[in-house]
1. Rank-order 162-174, 9-21 by packing density, defined as the average count of other C-beta atoms within 10 Å over each peptide's residues, highest first.
2. Kindly state, to the nearest 0.05, the FRET efficiency for residue 98 paired with residue 29, given R0 = 22 Å and r defined as their beta-carbon distance.
3. Please report, ordered by residue number, every helix of the chain (full DSSP H runs) that is 18 Å or longer along its axis going by C-alpha atoms and whose mean Kyte-Doolittle hydropathy reaches -0.5.
4. Over the chain, what is the relative contact order in percent, taking alpha-carbon pairs closer than 8 angstrom and at least six residues apart?
5. Among all lysine pairs in the chain that are eight or more places apart or on different chains, how many have alpha carbons less than 16 angstrom apart?
6. Using a 1.4 Å probe, what is the accessible area per residue for segment 1-125, in Å²?
7. Subtracting the Cα-Cα distance from 0.36 nm times the residue separation, let me have the gained length for residue 143 to residue 89 in nm, one decimal.
8. I need the shape label for segment 15-87. Rule: rounded when a/c is under 1.5, else prolate if a/b > b/c, else oblate, with a, b, c from the alpha carbon gyration tensor.
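The values are calculated or read from the model by the stated rules, or taken from the named source; none is laboratory data. Because the structure is a prediction, the values reported are computed rather than measured. Every residue, glycine among them, receives a Cβ derived from its backbone with ideal geometry; neighbour counts consider all protein chains shown. For the accessible areas, the whole protein counts, side chains as well, though only heavy atoms, and no ligand, DNA or RNA atoms are used. Shrake-Rupley method; radii C 1.70, N 1.55, O 1.52, S 1.80 Å.
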Amino acid sequence: MEYLELIDRQLLLAINGFNSPFLDFIFYHISQTITGMPLYLFIIYYFFKKFSKPRAFQYTVVLVLSVALADLTSVHLFKNLFERYRPSHNTEIQDMLHYVNEYQGGKYGFVSSHAANLFALATFLLLVFKRNALTIFVFIWACLGSYSRMYLGVHYPSDIIGGALLGALIANILYRFYFVNMTNTPSAEKSKM
């Protein structure tokens, strides 16, 4: 276990240590939820462009539910339970880190809510659209957003991996519950061409 923690710490220090004013600006803004809002609104628009209004509405509701559940679970079933200090609040490592705009995040970091939310979004889109340009772009966005949390020194790599797995699992469960295991499956309705 100590060996895994050492790897976790060394990886974080390498990621956080590879910084510059330009990257500070980029990753600080990528990490902000508001930055992704145009993408999230476009996804809803895309649902309504590709599917009938009832189907698009269903997808929108289950997507929002997936992200909300990933966020709540990451906080209440993980952060508040494990109480693992973020690197930025860990006295053994906090002085070795590079911070951007003095941002250090909340007290606890396992699992990353950003990673959980972003990978819930990306996984849900993958299940709906399979592999298309939007899905690929959203997975890249999820990776960049998750990487930004390590770059900023507020999450260990294991926080990110745990969050990504949690978000993907929740999106998968909700998609299957609402669309695969019910008679109202997405295959019953083809997307508009």
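1. Ranked by mean Cβ neighbours within 10 Å, highest first: 162-174, 9-21.
2. Calculated transfer efficiency: 0.85.
3. Going by DSSP H runs, the hits are 2-17, 37-50, 53-73, 113-129, 133-151, 157-175.
4. After rounding, I find 31 percent.
5. 10
6. 57 Å²
7. 17.1 nm
8. Oblate shape, in that a/c is at least 1.5 and b/c is the bigger or equal ratio.
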